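Here it is, the structure in full.
The values are calculated or read from the model by the stated rules, or taken from the named source; none is laboratory data. In this text the structure is predicted, and so the values were computed from the model without any measurement. Please note: Cβ atoms are built from the backbone with ideal geometry, for glycine as well, and neighbour counts cover all protein chains shown. The accessibility values were calculated without ligands, DNA or RNA, using every heavy atom of the protein model including side chains. Shrake-Rupley method; radii C 1.70, N 1.55, O 1.52, S 1.80 Å.
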Amino acid sequence: MTLDLDRRTIEEAYARWAPVYDAVVGPICASGRRAAATAARSVGGRILEIGVGTGLSFADYRGTAEITGIDMSAPMLDKARRRLASGRFPWVKALHQMDAHALEFPAAAFDCVVAQFVITLVENPEGVLDECARVVRPGGEVVLVNHLYSERGAAAAVERWFARRTRSMGLRPEFPFSRLTHWAEAHPEMELIERRPLPPFGVYTLIRFRRTAARPASA
Ligand SMILES: C[S@@+](CC[C@H](N)C(=O)[O-])C[C@H]1O[C@@H](n2cnc3c(N)ncnc32)[C@H](O)[C@@H]1O
């Protein structure tokens, strides 16, 4: 059986990634990161980016009202704070070290929650989605971008092989889209409004959920 990701593995992995992340991962993920930020900008207002990492997305939100970023990795966040200290991103209002499984914000605090290359690698993706749905206002959006598991054919076989070898790197490459749809089915207030493979090769997928109604009083 393949071991799943746990918090300690993720923290250790991103402590190792932090010094090289911008150079190694930055360019590979740039198109997906930008597409998600563009979708978030079209919602506008108060935007929460979870798993903000080293803050590579800051420039993508140029002119957006208010960005708050959270990440649980202190080394990744240190780099984001240094980037913010340059003064070039006045729209980024706050950065917090915080676990996306337990967001320290009131319900409906944001117009949009965005997560670039995060949801497939958190310890409990459904738990994090619950938190995203809680802190987004009715009418607001949760925007995700990620590589999703191919599920069929040679690409799926490669990803399964890769999965066994990349846990310690803090990756979960065999994350299927159906996991997101199952989550949405259990949350009728969260409507899937877009699933778009991104150019050039559809390696990354942009996913948007809109929160349609007030959550039940028991939530
Ligand atoms: C692949 S990086 C993506 C960083 C950034 N979004 C980007 O596109 O460059 C994943 C980030 O998610 C963060 N992360 C993982 N689990 C988290 C959690 N439970 N709460 C907050 N951040 C988390 C990691 O520390 C890391 O910075």
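Mind listing whichever residues of the range 119-129 are touching a residue at least 24 places away in the same chain (Cβ under 8 Å) and either open to solvent by 10 Å² or more (accessible area, probe 1.4 Å) or more than 8 Å from the ligand (Cβ to nearest atom) (or both)?
Residues of the range 119-129 that are touching a residue at least 24 places away in the same chain (Cβ under 8 Å), as a first pass: 119-123, 125-129.
ILE119, THR120, LEU121, VAL122, GLU123, PRO125, GLU126, GLY127, LEU129 - these are the residues of the range 119-129 that are touching a residue at least 24 places away in the same chain (Cβ under 8 Å) and either open to solvent by 10 Å² or more (accessible area, probe 1.4 Å) or more than 8 Å from the ligand (Cβ to nearest atom) (or both).
Taking the range 45-64 as the search range and keeping residues that are at pLDDT 95 or above and away from the ligand (no atom under 14 Å from the Cβ), which one is least open to solvent (accessible area, probe 1.4 Å)? I'd like the intermediate steps shown before the answer.
Residues of the range 45-64 that are at pLDDT 95 or above, as a first pass: 45-61.
With away from the ligand (no atom under 14 Å from the Cβ) added as a condition, the list becomes 45-46.
Working: GLY45: 31, ARG46: 84 Å².
Within the range 45-64, the match that is least open to solvent (accessible area, probe 1.4 Å) is GLY45.
Listed residues ALA30, ALA36; which is closer than 21 Å to VAL143 by Cβ, surrounded by fewer than 19 Cβ atoms within 10 Å (Cβ to Cβ), near the ligand (Cβ under 10 Å from one of its atoms) and not acidic (Asp, Glu)?
Values: ALA36 fails: surrounded by fewer than 19 Cβ atoms within 10 Å (Cβ to Cβ).
Only one candidate passes the filter, namely ALA30.
Need pairs with beta-carbon distance below 9 Å; first residue free of Cβ contacts under 8 Å to residues at least 24 places away in the same chain and within the range 41-61, second open to solvent by 10 Å² or more (accessible area, probe 1.4 Å) and assigned to a helix (DSSP H, G or I); sequence gap 6+ or separate chains.
As it stands, the answer is ARG41/ASP60, since those pairs meet every condition given.
Sticking with this structure for a sec: Which of the numbered conditions does SER73 fail, given that it passes all the others? Conditions: (1) modelled with pLDDT under 95; (2) within 13 Å of the ligand (Cβ to nearest atom); (3) of a type in the set (Ser, Thr, Tyr).
(1)
Pick from ALA102, ALA94, ALA108: which is of a type in the set (Gly, Ala, Ser), farther than 23 Å from MET76 by Cα, free of Cβ contacts under 8 Å to residues at least 40 places away in the same chain and open to solvent by 10 Å² or more (accessible area, probe 1.4 Å)?
ALA108
Consider ALA18 against the criteria (1) in contact with a strand residue (DSSP E or B) (Cβ under 9 Å, 6 or more places away or on another chain); (2) buried (at least 16 other Cβ atoms within 10 Å of the Cβ); (3) not β-branched (Val, Ile, Thr): it satisfies all of them except one. Which criterion is unmet?
Result: ALA18 passes all but (1).
Taking into account only those residues within the range 136-152 that are within 15 Å of the ligand (Cβ to nearest atom) and crowded, with 21+ Cβ neighbours inside 10 Å, which is farthest from ALA213 (Cα to Cα)? Don't jump to the end; show me each part of the working.
Going through the range 136-152, the residues within 15 Å of the ligand (Cβ to nearest atom) turn out to be 142-148.
Okay, now just the ones that are also crowded, with 21+ Cβ neighbours inside 10 Å, so 142-146, 148.
Values: VAL142: 14, VAL143: 17, LEU144: 20, VAL145: 24, ASN146: 26, LEU148: 28 Å.
Here the residue is LEU148.
If you go through the range 195-216, how many residues are assigned to a loop (DSSP other than H, G, I, E, B), modelled with pLDDT of 90 or more and of a type in the set (Val, Ile, Thr)?
1
Taking LEU84 as meeting all but one of (1) open to solvent by 20 Å² or more (accessible area, probe 1.4 Å); (2) within 13 Å of the ligand (Cβ to nearest atom), write down the number of the exception.
Result: LEU84 fails condition (2) only.
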